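Reading through the structure tokens given below for one structure.
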Amino acid sequence: MRFLAAIIAIFVLMGGIAYGLLMITSGQEREVVAKKPVVAAPEQGPLSGAIADDVYETKVMRPLVFDETLVAPYNFGDKKLNLTQAVMKVGLDVVNPATEEDFVTLHKTVKGAVEAGRKVPGAEYSVLPSASMAYWKAREFDSGVIAALDLAVIFGRNDKKVGLADIVEQIFNKLEKTDYARTYLAAALELLGKKVELFPEEIGRRNIWLNQYKTRMRDVNPPIDYFTWNEELERVYDFETFLQEEIPRRQWFMAAQIAKVLAKPENDELRKNYDGVINTFDYIYRRRHVFTVDDLVNAKAFSDDQILEMFQKRPGWTYRLVFLTSALRREQLYFNEMLPLGLAPGLDPMTELSQRSKIGYVSFIPTNDRAGLEQVQAFALDALIAEPTGYEADKTLLSRVFKERLFHPYFATKQEVSDEAKVILPKPWEPSDKDKICPVFRVEPAPQFYLRTARVYDFMFRVSVALLGQQSITKVHRILPDGSESPDYLFDEINKMKRLFYGLYMVSCEDLGLRPALEASDVFERDVAYREALDWLKNITDDKDFARDARYISPGFYGHFADQNRQIQLIMTWANLGFRLMKFDSSFARAPQIREGGEGSVWNVVPDSELGHGRYVMPVSQFKMLDLVARAGIPPKQFREICDKANQDPDKIQEELRALTLNRTARVTPGVGEGGIAPPTGPPGAPPATAKPAAVPPPGKEAPKTP
């Protein structure tokens with residue numbers, strides 16, 4: 001299972017995010033934390049008809065071959081167990097908020113949720129680490145690595161000692177004194193904290209660039225995620241965001257000035273370095289689909305007509321011109337690909353995502369070496385959101401409530417009144433059946449997610465070596481959320497994470513009675529990985545990442561709606577409100593085989609009378625889709641303050657967000673963003689992003705004509 005990290009806010013989707021969506025509000029839904037004394041409805045509700053319990057006859061599609069050499073890692077007394085032909089039912093029991101406060105409370109940290117789970121009567125040794133816990137650890141770690149790579153790219157912390165900051169400064173110094181592009185690049189460097197000498201008449205134009213950025217972009221798109229971890233990263237955010245904003249058509253002449261500098265033979269090395277940075281962003285995020293100044297050099301496009309001709313020769317790309325390609329996180333990439341046109345009214349986002357994933361609507365499988373790191377991470381995320389398929393699918397039957405957690409976590413955890421004849425009544429949590437043979441799990445069964453994530457770190461290692469060099473990867477450190485550096489080097493940390501997730505994959509396969517399906521490219525120390533995974537599971541509360549506040553909000557997809565003849569920007573987000581406990585229940589749909597004695601003794605099918613239920617308390621992420629108006633994100637610290645103010649109530653959190661953003665509106669120009677509607681770029685009443693004030697002409701020149 002693959003806990004849908006709720007993807008939702010979409011996922012966000014994985015923010016991501018595709019865009020054109022209906023306004024989804026939370027007013028009609030009631031969170032479990034609201035503690036309403038009602039119960040969940042198995043047959044009614046927004047997902048009716050889309051989700052049902054798995055049935056053995058229709059789910060198990062291949063013969064399960066008995067393998068006597070694959071013995072379960074645990075015994076029942078002196079009896080050994082073989083799970084190779086067993087099929088397990090996996091479900092989640094609903095909660096009664098009136099009496100089960102332990103399963104309703106939201107915890108700010110993973111550690112807090114695990115410790116609370118161990119205090120549930122009878123659950124001291126029955127807390128099951130979830131896939132969403134592993135996802136949170138991976139996301140936190142990945143952000144720190146990408147932050148380190150980002151700093152290396154900007155400041156040249158690599159074997160070549162070449163960074164984008166130096167490249168921009170060199171281009172600035174090679175421009176003609178009358179080139180308008182000088183003030184554009186000077187503004188970018190100013191945001192990074194680097195000052196360059198300007199002529200007196202240029203200072204005002206640079207300040208116009210800075211003022212436009214701060215009033216049209218910075219206030220609406222504040223730093224989020226790792227960019228808030230320290231001041232250096234915040235400056236990098238401003239520098240990158242400024243250079244990633246579209247260069248409007250009336251200022252293409254400025255991009256042409258930069259392109260002409262890069263096109264000169266004597267500047268060939270400078271151009272190669274600039275192109276290398278563009279490629280770096282491709283490797284970190286995804287292959288670009290917009291045009292950069294380097295494309296102007298390749299196409300020898302130095303006029304408006306030539307630029308338009310260049311656009312027309314590249315079908316499928318977004319006709320936007322930028323100095324630096326944009327950065328999208330895994331959630332955004334996921335939703336951008338899955339919902340490129342947004343959602344029609346009445347459709348459930350999670351059901352749509354899961355169904356599209358199941359039928360192969362989009363494949364995130366990396367097809368070549370130019371796949372971006374975030375794209376590979378989106379492929380791993382897909383394993384959390386989608387219903388299990390392939391190798392592991394035949395080993396588990398999922399209950400409807402479990403699927404609701406995958407496809408629509410908020411619905412799965414709320415309580416709803418419906419036809420009493422169809423209601424699933426909450427049952428108090430109780431330990432596994434004593435003296436019965438029950439499924440035993442050491443981690444939530446989601447082997448494909450663990451395997452894909454392990455391969456992310458193999459890819460991450462290769463990307464890091466390519467970007468940093470063999471020497472620098474042993475000297476650069478991951479950035480931590482408090483802004484400091486990890487004591488270990490990327491070389492060691494990435495390999496450790498790779499072993500951890502390969503180890504979790506092997507543990508999960510062993511729990512299901514599967515032999516790991518590894519490929520020749522899966523190169524790692526198997527015994528070490530398996531042992532390290534078991535140690536991590538055993539001492540999970542010692543993980544420092546799990547002691548950090550796990551609440552965050554990630555941009556999903558963009559949409560817009562009309563309000564009194566205004567187009568108002570709506571951003572759907574995927575928000576993790578914390579971790580809560582759920583009641584995990586498992587049993588055998590097809591019995592395992594057991595034997596007494598040593599090698600050579602006979603394996604026999606376990607009688608139904610000897611089978612029981614394996615029950616666990618499982619900490620999971622509590623996700624919710626929240627919408628923002630004309631604002632692309634909320635800094636983590638501010639979001640957590642809002643959560644505290646709202647006392648962790650999802651409906652109140654939404655109200656606080658609306659109070660923060662509702663008075664902020666922005667007109668939207670459809671189709672200008674990568675893959676969808678552009679994010680907001682201005683304050684209330686501002687013109688569209690593509691209609692900036694006319695360019696100030698260089699000294700002695702006429703203002704360029706607007707095509």
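The values are calculated or read from the model by the stated rules, or taken from the named source; none is laboratory data. This one's a predicted model, so the numbers in the text were calculated from it and none came from an experiment. Cβ: placed from backbone, ideal geometry, glycine included. Neighbour counts: every protein chain shown.
Go through segment 620-648 and give me each residue that's outside any helix (DSSP H, G or I), under 19 Å from the mean Cα position of the chain (by Cα) and not charged (D, E, K, R).
Val620, Ser621, Gln622, Phe623, Met625, Leu626, Leu628, Ala632, Gly633, Ile634, Pro635, listed by residue number.
Scan segment 261-269 and give yes if some residue there is assigned to a loop (DSSP other than H, G, I, E, B) and either touching a His at 6+ places or on another chain (Cβ under 9 Å) or at pLDDT 90 or above (or both), otherwise no.
yes
Out of the residues in segment 40-92 meeting the condition of being modelled with pLDDT of 80 or more, hydroxyl-bearing (Ser, Thr, Tyr) and part of a loop (DSSP other than H, G, I, E, B), tell me which one is surrounded by the most Cβ atoms within 10 Å (Cβ to Cβ).
Thr84
Name the single residue, out of those in segment 582-601 being polar (S, T, N, Q) and assigned to a strand (DSSP E or B), that is nearest to Lys427 (Cα to Cα).
So the residue we want is Ser586.
For segment 93-104, name all the residues that are assigned to a loop (DSSP other than H, G, I, E, B) and of a type in the set (D, E, K, R).
Across segment 93-104, the qualifying residue is only Glu100.
Applying the selection to segment 637-654, what residues are modelled with pLDDT under 90 and buried (at least 21 other Cβ atoms within 10 Å of the Cβ)?
Scanning segment 637-654 gives Pro650, Ile653, Gln654.
Is there any pair linking a residue in segment 145-157 that is under 10 Å from Ile479 (Cα atoms) and at pLDDT 90 or above to one that is surrounded by 21 or more Cβ atoms within 10 Å (Cβ to Cβ) and not hydrophobic (A, V, I, L, M, F, W, C), with Cβ under 6 Å and at least six apart or on different chains, and which?
Val145/Arg478; Ala147/Tyr226; Ala148/Arg478
Can you name the residue in segment 292-329 that is among the hydrophobic types (A, V, I, L, M, F, W, C) and assigned to a loop (DSSP other than H, G, I, E, B) and is also modelled with the lowest pLDDT among such residues?
Among residues in segment 292-329 that are among the hydrophobic types (A, V, I, L, M, F, W, C) and assigned to a loop (DSSP other than H, G, I, E, B), the one modelled with the lowest pLDDT is Leu328.
What number of residues within segment 211-235 are in a helix (DSSP H, G or I) and either of a type outside the set (A, V, I, L, M, F, W, C) or modelled with pLDDT under 95 (or both)?
Final tally of qualifying residues: 16.
Run Arg551 past the list (1) modelled with pLDDT of 85 or more; (2) closer than 30 Å to Leu657 by Cβ; (3) of a type in the set (Lys, Arg); (4) over 17 Å from the mean Cα position of the chain (by Cα) and report the number of the one that doesn't hold.
Of the numbered conditions (1) modelled with pLDDT of 85 or more; (2) closer than 30 Å to Leu657 by Cβ; (3) of a type in the set (Lys, Arg); (4) over 17 Å from the mean Cα position of the chain (by Cα), the odd one out for Arg551 is (4).
In segment 171-207, what residues are of a type in the set (D, E, K, R), farther than 21 Å from Asp150 by Cα and not in a loop (DSSP other than H, G, I, E, B)?
Matches in segment 171-207: Lys174, Arg182, Glu201, Glu202, Arg205, Arg206.
How many residues does segment 258-287 contain that are in contact with a helix residue (DSSP H, G or I) (Cβ under 7 Å, 6 or more places away or on another chain) and within 13 Å of Ala301 (Cβ to Cβ)?
Selection size over segment 258-287: 4.
From Leu490, Leu534, Leu500, grab the single residue that is more than 27 Å from Lys108 (Cβ to Cβ) and out of contact with any strand residue (DSSP E or B) (no Cβ under 7 Å at 6 or more places or on another chain).
Every option except Leu534 fails the conditions.
Quick one: would you say Leu500 is buried (at least 16 other Cβ atoms within 10 Å of the Cβ), under 21 Å from the mean Cα position of the chain (by Cα) and assigned to a helix (DSSP H, G or I)?
yes
Can you tell me how many residues in segment 208-253 are over 21 Å from Leu185 (Cβ atoms), of a type in the set (D, E, K, R) and surrounded by fewer than 20 Cβ atoms within 10 Å (Cβ to Cβ)?
The total comes to 2.
Do you know which residues across segment 236-258 are of a type in the set (A, V, I, L, M, F, W, C) and either outside any helix (DSSP H, G or I) or in contact with a strand residue (DSSP E or B) (Cβ under 8 Å, 6 or more places away or on another chain) (or both)?
Within segment 236-258, Leu243, Ile247, Trp252, Ala255 qualify.
Are there any pairs with C-beta distances below 6 angstrom linking a residue in segment 423-445 that is over 15 Å from Tyr616 (Cβ atoms) and modelled with pLDDT under 90 to a residue that is among the polar types (S, T, N, Q) and part of a loop (DSSP other than H, G, I, E, B), with the two at least 6 apart or on different chains, and if so which?
Close Cβ pairs (under 6 Å, with a partner that is among the polar types (S, T, N, Q) and part of a loop (DSSP other than H, G, I, E, B)) amount to Pro426/Asn96.
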